Amino acid sequence: MITDILADPLVKKEIMDNMASGRFKLPEGESLSDALSTINKISGNNQESKFALESLSGRIESIVQLEGRPALLVKDGVVEKPSLNEWKKPLAKYEFNIQNVLPSVGRIELRNHPDFNSPHCGTGWLISDDIIVTNRHVAIYFANKSNDDKWQFRQTPFFETVKANIDFLGEYQSFDDNEFEITEILDIVEDKGTG
């Protein structure tokens, strides 16, 4: 959430400095002073902060989310460096480790899903030669419980099975792949909120 990102004063300052310098482009017609003032007011759980958050334009919100808590692209087997120094510093310390585990991380891709139009729905990673782990919110795109309370691959309304693969080369702007079919669902930890 925006307030969590802007709660870090160093990240907040760097975002504002990059907006002021023109490095982060503002949408046409957006006033730099208004954008900076609004971001500066988003700092707490008070009424002014809530009003500032509501008045934040979608483009400014996108800049804060993209730069303040970046999703790092992988291209040609290398993790892209974040733009903010506040992220570069801590990530540089772990760059060697990140590069070493990168080949065991892949994109989860779906086929036959009736409602999901994106080529991928999340990320998974190997924990042994033939077992991957992903987050629950990703797994429930392709899995549900059967009548006998076991995890199974979802069926579409047209009685097709939703298929899931993991692609270890599913990188930004890459057409190469290294896909493996997910053939079994061992377990999904229950979410107490959704059962």
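Points to keep in mind about this one:
- Scanning the stretch 164-185 turns up at least one residue that is of a type in the set (D, E, K, R), touching a strand residue (DSSP E or B) at 6+ places or on another chain (Cβ under 8 Å) and open to solvent by 100 Å² or more (accessible area, probe 1.4 Å).
- Among the residues of the stretch 148-158, just one is open to solvent by 90 Å² or more (accessible area, probe 1.4 Å), at pLDDT 90 or above, assigned to a loop (DSSP other than H, G, I, E, B) and not acidic (Asp, Glu), namely Lys150.
- Identity of the residue in the stretch 1-27, over 15 Å from Trp87 (Cβ atoms) and free of Cβ contacts under 8 Å to residues at least 12 places away in the same chain, that ends up least open to solvent (accessible area, probe 1.4 Å): Gly22
- Every listed requirement among (1) part of a loop (DSSP other than H, G, I, E, B); (2) polar (S, T, N, Q); (3) surrounded by 14 or more Cβ atoms within 10 Å (Cβ to Cβ); (4) over 17 Å from the mean Cα position of the chain (by Cα) is met by Asn144 save one, (1).
- Check on Asn135, at positive phi and touching a strand residue (DSSP E or B) at 6+ places or on another chain (Cβ under 9 Å): no
- Residue that is farthest from Ile131 (Cα to Cα) [pool: residues in the stretch 158-195 that are more than 22 Å from the chain's Cα centre (by Cα) and aliphatic (A, V, I, L, M)]: Val162
- The sole residue among Ser174, Ser146 that is under 30 Å from Glu67 (Cβ atoms) and among the hydroxyl-bearing types (Ser, Thr, Tyr) is Ser174.
- Residues of the stretch 72-104 classified as open to solvent by 50 Å² or more (accessible area, probe 1.4 Å), within 21 Å of Asn165 (Cβ to Cβ) and not in a helix (DSSP H, G or I), total: 2
The values are calculated or read from the model by the stated rules, or taken from the named source; none is laboratory data. Nothing here was measured: the structure is a model prediction, and the numbers come from that model. As a convention, Cβ positions derive from the backbone with ideal geometry for all residues, glycine included, and neighbour counts pool all protein chains shown. For accessibility, only protein heavy atoms count, side chains too; no ligands or nucleic acids. Shrake-Rupley method; radii C 1.70, N 1.55, O 1.52, S 1.80 Å.
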